[in-house]
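Colleague: I'd like to ask some things about the structure below.
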Amino acid sequence: MTSENKASSIANMEGLQSAIVAGEKARVKELLEGRSLDELQKGYLIELAELNNDGDIVGILKQAPTA
């Protein structure tokens, strides 16, 4: 992974966290489009959505592909 890809991946993760906390379902879908998460990332994001009591986003995240 190049440093540019790593920075993009980190920025995407930060964006996902912000969108989950804000309850922005469309933004979460947009940020996940064309990407896969590793199991650790996916578990963390699902837990974050559960803490925010957002079942719709939990469902979106559970359907996200894993690497």
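Colleague: So what is the 222 nm mean residue ellipticity for the chain from helices alone, if each DSSP H run of at least 4 adds -39500 (n - 2.57) and you divide by all residues, rounding to the nearest 500 deg cm²/dmol? If you can, show how the numbers build up before the last one.
Modeller: On the way: 4 runs with 50 residues, N = 67.
So the helix-based figure for the chain works out to -23500 deg cm²/dmol.
Colleague: Also, I was wondering about something else. Of the accessible area of the chain, with the probe set at 1.4 angstrom, what percent is carbon plus sulfur?
Modeller: Values: 2150 of 4410 Å².
It is 49 percent, rounded to a whole number.
Colleague: Determine which residues of region 36-51 fall in the zone a paramagnetic label at Ala11 would reach in this model, i.e. backbone nitrogen under 20 Å from the point 7 Å along Cα→Cβ.
Modeller: 36-38
Colleague: What percent does the relative contact order of the chain come to when contacts are Cα pairs within less than 8 Å and at least six residues apart?
Modeller: Working: 54 pairs, mean separation 23.0, N = 67.
It rounds to 34 percent for the chain.
Colleague: Sticking with this one: With every protein chain kept in place and ligands, DNA and RNA left out, what is the accessible area per residue of the chain? Probe 1.4 Å, answer in Å². It would help to have the intermediate numbers written out before the result.
Modeller: Numbers: 4410 Å² over 67 residues.
I get 66 Å² per residue for this part.
Colleague: Right, another one. Please identify the GluC sites (Glu not before Pro) of the chain that satisfy two criteria: DSSP loop assignment and at most 12 other Cβ atoms within 10 Å. Which are they? Intermediate values should be presented prior to the final figure.
Modeller: Details: sites: Glu4, Glu14, Glu24, Glu30, Glu33, Glu39, Glu47, Glu50; in loops: Glu24, Glu33.
Loop-located and lightly packed - Glu33.
Colleague: Hey, can you grab everything whose amide H is under 5 Å from the amide H of Leu37? Only 5+ residues off in sequence or another chain; H modelled, so Pro and N-termini drop out.
Modeller: Thr66, Ala67
Colleague: Once the Cα atoms of the chain are picked out, what are the Rg and Dmax in Å?
Modeller: 11.3, 36
Colleague: Which of the helices in the chain meet the span-like rule: DSSP H, Cα axial reach of 27 Å or more, Kyte-Doolittle mean at least 0.0? Before the final figure, lay out the partial values.
Modeller: Values: long enough: 3-22 (28 Å, 0.06).
Going by DSSP H runs, the hits are 3-22.
The values are calculated or read from the model by the stated rules, or taken from the named source; none is laboratory data. Since this is a predicted model, take the numbers as computed values, not measurements. All Cβ positions, even for glycine, are placed from backbone atoms using ideal geometry, and neighbour counts span all protein chains on display. The protein model used for the area step is the full one, side chains on, heavy atoms only, and it has no ligands, DNA or RNA in it. Shrake-Rupley method; radii C 1.70, N 1.55, O 1.52, S 1.80 Å.
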